[in-house]
There are 2 protein chains.
Amino acid sequence: MTIQLYCFGESGHSYKAALALELSGLEWEPKYVDFFNGEARSPEYLKINAMGECPAIVDGDLSLSQSGVIIDYITEKTGKFGGKTPEEKREVLRWVLWDNHKLSAQLGPLRFMMNFLPEEKRNPEVIAFLTGRTQAALKTLESALEGKDWLVGDEITAADLSCCSYLFYPEPFGFTRSDWPNIDTWLARIEALPGYKIPYDLMPGSPADRA
Amino acid sequence: MTIQLYCFGESGHSYKAALALELSGLEWEPKYVDFFNGEARSPEYLKINAMGECPAIVDGDLSLSQSGVIIDYITEKTGKFGGKTPEEKREVLRWVLWDNHKLSAQLGPLRFMMNFLPEEKRNPEVIAFLTGRTQAALKTLESALEGKDWLVGDEITAADLSCCSYLFYPEPFGFTRSDWPNIDTWLARIEALPGYKIPYDLMPGSPADRA
């Protein structure tokens, strides 16, 4: 059974699930959601995910949403990305929650506002606010990666997959890899994994389609 | 062994853990963190939680942070709040992640800015931005509670404990219970649980101390 991932290329949260699926070796295919034309809020899509968000997966009779839940399901099916000990499992959950709260929750709206919102709707004060919170989160991430290859344990986990996602996008959102040496080498380590692909090669839809 | 919860009364994230501990029946005590004077960023506190945030717990040799991880640990110890089936467990995680990303991540900074930041630093544009995102999240929550006593299954879980927390605070942040009938009766259901206490009765520190 091929897992279907409802997603669109620009979605950093979708990329977390897409990258986890690709690196896991499971069979999957992307199903494009036309987010910028409101498809995520359509009655059909709300049947798949009542939260009206991407990503969601359908695996036979099962539908799941929230990237953290999807990666957890991949862990259940493959044993990958979950951490090896109870301590590691807790650390993985801790970083996934931290990412959802402190990193991606800022980066998502910041990148959206700086790149995908019409210029007249971009609010410099909100951009400054989100930039400040993003930089504080990047500082925490940079420190956590000091002297470590992966956030938790000795191989890639959901912690890395969740935190890295937005940082692979090319659009400007106040993040320059070379300013953050630990983050930079960690991202390079992920890029070197067999099967790694950039977001726009893994999922349909990109800013180029709307240019 | 008494579990120590590092927290302060104003912290909605701390309240999630405090309420879970209190309702679980475990022995616990609050340890006050003087957040407003920077204690959460002190070298001593960073040894307990490198993320520099509240809450954190210490249980013997173990320290844990992130309210979602702490409640998960309470589930491990007591069997409570985790959901009963694999499907329920996934749904619980889904709502905890959603709360961290869409509800509390907006409500926390919004309430802080509207109440605890000096007036000259309150930014109306950022308040409007966060208010918009908060109202959208409340709408999702209100719909999800339609015809249901609890977010997942037939008893209180981490999903409810995570999502309800900020909504019990008395300071203004654009939330009026009577505007949201499903949320209102759900909060009343939580208030009716044996052992329920409001945030400022469960943890030390409140705006009254700084008045």
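The values are calculated or read from the model by the stated rules, or taken from the named source; none is laboratory data. Everything numeric in this text was worked out from a predicted model, so none of it was measured. All Cβ positions, glycine included, derive from the backbone under ideal geometry; neighbour counts span all protein chains shown. Quick note on the areas: whole protein, heavy atoms, side chains included, nothing else; ligands and nucleic acids left out. Shrake-Rupley method; radii C 1.70, N 1.55, O 1.52, S 1.80 Å.
Pairs of Cα atoms nearer than 8 Å and 6+ residues apart set the relative contact order; for chain A it is 28 percent. Of the accessible area of the protein assembly as shown, computed with a 1.4 Å probe over protein heavy atoms only, carbon and sulfur atoms account for 51 percent. Accessible area buried by the pairing of A and B, both sides summed with a 1.4 Å probe, works out to roughly 3200 Å².
Placing +1 on the Cβ of every Lys and Arg and -1 on the Cβ of every Asp and Glu, with no other charges, gives the protein assembly as shown a dipole of roughly 320 debye about its Cα centre. In the assembly of identical copies, B:Arg41 has its label point, taken 7 Å from Cα in the direction of the beta carbon, separated from the corresponding points by 3.7 nm (ascending, one decimal). About the centre of its Cα atoms, the stretch A:86-191 shows a dipole size close to 380 debye [charges on the beta carbon of Lys, Arg (+1) and Asp, Glu (-1) only; nearest 20 debye]. Contact order for the stretch B:59-149, expressed relative to its length and based on alpha carbon pairs under 8 Å spaced 6+ residues apart, stands at 19 percent.
Paramagnetic label reach from B:Lys47 (point 7 Å along Cα→Cβ; backbone nitrogen cut-off under 20 Å): within the stretch B:58-94, residues B:58-66. Take every pair of alpha-carbon atoms less than 8 Å apart whose residues are at least six positions apart; their mean separation over the length of the stretch A:133-211 yields a relative contact order of 28 percent.
Annotation for A:Gly132, label-to-label distances across the other copies: 1.9 nm (shortest first, one decimal, point 7 Å from Cα along Cα→Cβ). Dipole size of the stretch B:1-59 about its Cα centre, with +1 on Lys/Arg Cβ and -1 on Asp/Glu Cβ: approximately 160 debye, rounded to the nearest 20.
Checking the Cα-Cα distances for A:Lys121/B:Lys139; B:Lys16/B:Lys148; A:Lys16/B:Lys77 against a 25 Å cut-off, the pairs over it are A:Lys16/B:Lys77.
Computed over protein heavy atoms with a 1.4 Å probe, the accessible surface of chain B works out to 42 Å² per residue. Here is how far apart the A:Arg189 label points are across copies: 4.4 nm, shortest first, using a point 7 Å from Cα toward Cβ.
Taking a point 7 angstrom from the Cα of A:Asn115 along the C-beta vector, which residues in the stretch A:27-50 have backbone N less than 15 Å away? Taking a point 7 Å out along Cα→Cβ of A:Asn115, the residues of the stretch A:27-50 whose backbone N falls under 15 Å are A:36.
Of the DSSP H helices in chain B, those that are both long (alpha-carbon extent of 24 Å or more along the helix axis) and hydrophobic (Kyte-Doolittle mean at least -0.5) are B:124-144. Here's the picture: charge each Lys and Arg Cβ at +1 and each Asp and Glu Cβ at -1 in the protein assembly as shown, and of A:Phe129, B:Ala136, A:Ile48 the one pushed furthest to the positive end of that dipole is A:Phe129.
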